[in-house]
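The values are calculated or read from the model by the stated rules, or taken from the named source; none is laboratory data. From a predicted model like this one, the values you see are computed outputs, not experimental measurements. Neighbour counts are summed over all protein chains in view; Cβ atoms, including those assigned to glycine, are modelled from backbone coordinates with ideal geometry.
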Amino acid sequence: MEALTSSLISAALAFALSSCVGGKYSRGFDQAVAVMPSPAATADGPWQGSWKSNVNGHTGPLWCIVQPTPERPGFYDFRYRAGWGLVKFGDYTHTVPARPAADGSLQLTGEMVLPGGFGNYRVEGKLTRDAFNATYKSAADQGTMTLQRPEVPE
């Protein structure tokens, strides 16, 4: 009984901590949506959609905030929040060299090391003012990321 109680307390604590982290990302995402121009003039700003594995068919929600990297010209931060399973989420930032094209689009090409032992991923794609389509590859998985602009609340 004591082991069960300890396990339940640990699970509740882990859930509470993950909820706090998600709350921080959600607040940042909501703020990015609130200041997003409509229609968007560039690829900067908030995105939402999903990822899908071509290896095993797994899929999940995906959010991203794209912004120029402060004090690092020619680089952009892609701040992701990805979901998988029932209540598992991961937050990570991928900084890549990128220069906006004349039409406001961004090419995304780079590698990142995902936290939690998920390994190295290579990401390639293109963001326009209203579409974000990319592929990812790793030693164990490959798939797609498809995102669009979130709806701006009235």
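Name the single residue that is nearest to residue 127 (Cα to Cα) among those in region 21-49 being among the β-branched types (Val, Ile, Thr) and modelled with pLDDT of 85 or more.
Looking at residues that are among the β-branched types (Val, Ile, Thr) and modelled with pLDDT of 85 or more, I get 42.
Can you go through 55, 123, 113, 96 and tell me which one is modelled with pLDDT of 95 or more, of a type outside the set (Asp, Glu) and over 17 Å from residue 24 (Cα atoms)?
55
Among the residues of region 41-73, write down those that are in a loop (DSSP other than H, G, I, E, B), without any contact (Cβ under 8 Å) to a residue 60 or more places away in the chain and among the β-branched types (Val, Ile, Thr).
69
Just checking: which of the strands (runs of 3 or more DSSP E) contained wholly in region 80-154 hold 1 or more residues that are of a type in the set (Asp, Glu)?
88-97, 106-114, 119-127
Condition first: of a type in the set (S, T, N, Q), over 26 Å from residue 151 (Cβ atoms) and under 14 Å from the mean Cα position of the chain (by Cα). Can you find one or more residues in region 94-103 that meet it?
yes
If I filter region 8-20 for residues that are touching a Phe, Trp or Tyr at 6+ places or on another chain (Cβ under 9 Å), surrounded by 13 or more Cβ atoms within 10 Å (Cβ to Cβ) and modelled with pLDDT of 85 or more, do I get at least one hit?
No, that holds for no residue.
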